[in-house]
Amino acid sequence: MSEIPEDLRYLESHEWVRVDPDGTATVGITDHAQESLGDVVYVELPEVGAQLTAGDESGVVESVKAASDIYAPLSGEVIEVNEELLDHPERVNESPYVDGWFYRVRLSDPGELDDLLDAEGYRRLLDEG
Amino acid sequence: MAERTPLYPLHHAAGARLTDFAGWEMPLHYGSQLSEHLAVRRDCGLFDVSHMGVVEVAGGKALEFLRRVLANDVARLAPGRALYSPMLSPQGGILDDLIAYRLGPARFFLVVNCANTARDLQWLREQSAGTEVEVRLRRDLAILALQGPRALERLARAVDVAVADAAAALPSFGLWEAGGWVVARTGYTGEDGVELLLPADEAPGLWRALSEAGATLAGLAARDSLRIEAGLPLYGQEMDETVSPLRCGLAWTVAWEPEERRFVGREALEAERRAGPRERLAGLLLEGRGVLRAGQRVLFPTGEEGRITSGTYSPFLQCSIALARVPADAPEGRAEVEIRGRREPVRVVAPRFVRRGRILVETGCGRGRAPGGGDERNP
């Protein structure tokens with residue numbers, strides 16, 4: 001059974017978001033997503049300074065077998081990316097919620113948070129298969 | 001309802017991620033495609049390929065029949081030998097590619113692609129109508145592929161000494177039959193190894209014994225990345241009914257001699273050979289960023305265009321590689337591939353990257369995920 005931390009928000013396309021008190025948010029892909037993809041071998045991240053709109057393609061993650069787009073869960077400016085992933089894409093498999101984060105954004109519309117799933121909603125989504 | 005092989009309960013128990021493969025519920029991997037792939041290159045991997053079709057062709061005219069329906073010439077086979085061959089349509093397209101095992105003077109096994117089995121059977125029955133050739137699907141058999149430099153050593157720990165000795169004595173593409181088992185020195189990974197055809201009810205016992213002897217369980221995902229590294233074409237990717245063997249790197253499998261052998265598709269192929277084939281199979285090494293995938297366009301400096309037929313990240317080379325169908329006169333050297341609207345540099349090379357644990361191309365390509373990580377089962 002894949003891990004679904006209670007304190008995160010989720011997108012149906014299997015991204016997670018951690019909202020920090022300073023109005024920034026960190027984005028990654030879920031344990032379920034990394035497990036479905038298999039061994040991650042390549043990650044493409046947005047550029048620092050890029051303005052993302054919720055729903056935009058904000059990156060790509062590729063396993064040996066397949067490529068998958070990463071969608072922006074929230075609108076805002078990219079303020080930091082996890083460059084460690086460029087040399088060590090396997091962090092996404094090893095630690096999807098901690099070391100395997102993708103990027104941080106400064107939220108332009110915190111109201112969008114209401115559109116995301118909570119842990120319970122995401123768990124239900126996975127259970128429905 | 002998906003079909004399942006006799007080993008399905010063992011895959012399930014081993015925690016395999018299962019996938020639908022042409023209507024069969026098959027193991028994609030058992031945790032890590034990367035470590036399974038590297039285990040085959042360095043030690044030994046065990047695959048369940050029982051979804052493939054085993055077609056027995058027997059009867060007084062079996063040899064003559066197969067000399068007519070296969071592009072390669074089974075008359076070159078002594079009993080106890082196998083060969084690879086395409087089976088062509090009259091138009092010269094590939095209906096399927098298969099390995100023909102000659103078990104006796106007039107008795108053969110054809111091991112065919114899972115997705116084509118029903119169509120192959122129908123075609124073979126139509127073509128053999130009115131002859132005394134018997135064409136029979138052997139769903140009572142399972143197939144295990146044990147592949148890697150230590151395959152024979154692992155096999156010896158798992159089976160009777162008679163089987164192990166017979167397997168070890170086989171030349172490449174040699175086979176041995178006894179007690180309802182066929183052991184053949186064949187495979188689809190570019191490594192040494194054997195494929196074992198045996199009664200379905202004996203397969204779980206052999207699978208357990210090989211696993212206990214240290215063979216790493218490996219799924220279809222690793223099988224695919226291994227065969228791409230080895231430059232072995234796959235039906236539905238590099239070839240199909242619209243592609244002749246001359247256009248997908250399989251010209252060597254067409255036996256033109258003797259000239260009087262009128263195999264199905266010969267006339268069409270002869271015409272294509274006289275005109276010069278328009279396309280060929282090439283290998284690509286990605287020097288830019290990303291992963292090469294089937295369907296991406298290959299752009300040559302000369303303005304010509306090709307298309308990737310299979311692409312993957314190569315666990316052994318640690319960069320992305322691909323097989324591509326390109327114009328016959330497209331030059332080796334540099335080209336570009338379009339990945340998500342961006343043009344990335346690739347090097348065009350011969351379509352074969354790894355054989356017997358050795359890298360055959362100059363790589364020098366980008367950073368990749370290092371081998372040796374992950375949870376390899378063998379020390």
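So is residue B:35 in contact (Cβ under 8 Å) with a residue 24 or more places away in the chain, closer than 17 Å to residue B:142 by Cα and buried (at least 20 other Cβ atoms within 10 Å of the Cβ) or not?
No, not satisfied.
Just checking, how many residues over the range A:81-94 are part of a loop (DSSP other than H, G, I, E, B) and either more than 21 Å from residue B:315 (Cβ to Cβ) or in contact (Cβ under 8 Å) with a residue 24 or more places away in the chain (or both)?
Residues that pass the stated criteria total 4.
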For residue B:207: the one exception among (1) crowded, with 22+ Cβ neighbours inside 10 Å; (2) touching a Gly at 6+ places or on another chain (Cβ under 7 Å); (3) closer than 14 Å to residue B:49 by Cα: (2)
Enumeration of residues in the range A:34-54 that are of a type outside the set (Ser, Thr, Tyr) and closer than 13 Å to residue A:70 by Cα: A:34, A:37, A:43, A:44, A:45, A:46, A:52, A:54
Filtered residues of the range B:298-326 (kept if more than 14 Å from every other protein chain (Cβ to nearest Cβ), small (Gly, Ala, Ser) and under 17 Å from residue B:353 (Cα atoms)): B:324
Among residues of the range B:196-231, those that are within 14 Å of chain A (Cβ to nearest Cβ) and in a loop (DSSP other than H, G, I, E, B), counted: 2
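Of the residues that make up the range B:116-131, is at least one in a strand (DSSP E or B), of a type in the set (Val, Ile, Thr) and closer than 28 Å to residue B:21 by Cα?
no
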Residue tally, condition in contact with a strand residue (DSSP E or B) (Cβ under 6 Å, 6 or more places away or on another chain), within 18 Å of residue B:123 (Cα to Cα), surrounded by fewer than 23 Cβ atoms within 10 Å (Cβ to Cβ) and not polar (S, T, N, Q), over the range B:70-94: 0
Which numbered condition residue B:377 misses (of (1) modelled with pLDDT of 95 or more; (2) under 25 Å from residue B:151 (Cβ atoms)): (1)
Of all residues making up the range B:160-194, the number that are farther than 30 Å from residue B:233 by Cβ, charged (D, E, K, R) and not in a helix (DSSP H, G or I): 1
Pair list, Cβ < 7 Å and 6+ apart or interchain, from the range B:327-348 residues that are within 14 Å of another protein chain (Cβ to nearest Cβ) to residues that are assigned to a loop (DSSP other than H, G, I, E, B) and modelled with pLDDT under 95: B:339/B:290; B:344/B:288; B:344/B:289; B:344/B:290
Any hit, the range A:83-92, residues being acidic (Asp, Glu), surrounded by fewer than 23 Cβ atoms within 10 Å (Cβ to Cβ) and more than 13 Å from chain B (Cβ to nearest Cβ): no
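The values are calculated or read from the model by the stated rules, or taken from the named source; none is laboratory data. As the structure is a computational prediction, the values presented were derived from the model and not from experiment. As a convention, Cβ positions derive from the backbone with ideal geometry for all residues, glycine included, and neighbour counts pool all protein chains shown.
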